[in-house]
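What follows is a short report on a single structure.
FYI, it's all coordinate maths here, none of it is from the lab. Every value quoted in this text rests on a predicted model; they were computed, and no experiment measured them. Cβ: placed from backbone, ideal geometry, glycine included. Neighbour counts: every protein chain shown.
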Amino acid sequence: MQPVRQQEPATLNEQAQWYAEETGAEGFWKLGEIRDGFVKWYTGENPEGDVVEIENDKYLIMHMDGSEFKGELRDDGKLYWEDGDVWTRLSAKQIAYLLAHRSGQKV
């Protein structure tokens, strides 16, 4: 179980660094953000998200288009899916850009 995190920082760059330090399955990944039981895709047909079940912050099951896809967060910090896809976390700089884009701010 992850320790309880403090309240989200106020500035965009501090928020990005805070998010980049996440260690569990939730967070900003190369194709989408995993948060609150959903994958929120950055691009594609379902930007609202597909349901993700997270077990022990290490094993995931994503429900998408009537299919299940299993994933595992390994010790190297990458998320490995059973179809061979490997997701890496976004860097703090990439997260800052994404957050700025979403809010209309400049980094």
- line: Yeah, segment 24-102 with a ≥ b ≥ c from its alpha-carbon gyration tensor (a/c under 1.5 is rounded, else prolate when a/b outruns b/c, oblate otherwise) is oblate
message: How would 83, 75, 57 line up from fewest to most surrounding beta-carbon atoms within 10 angstrom?
response: 75, 83, 57
message: Which of 95, 54, 61 has the fewest other C-beta atoms within 10 Å, and how do the rest follow up to the most?
response: 61, 54, 95
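Fewest Cβ neighbours within 10 Å first, please rank 81, 29 accordingly. Intermediate values should be presented prior to the final figure.
Numbers: 81 14, 29 17.
The most exposed by this proxy come first: 81, 29.
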Aspartates and glutamates with Cα under 12 Å of residue 70, excluding same-chain neighbours fewer than 8 positions away: 53, 55, 82, 83, 85
Residue-by-residue Karplus 3J(HN,Hα) for segment 12-19, coefficients 6.51, -1.76, 1.60, Hz, glycine and proline x: 4, 5, 5, 4, 4, 5, 4, 5
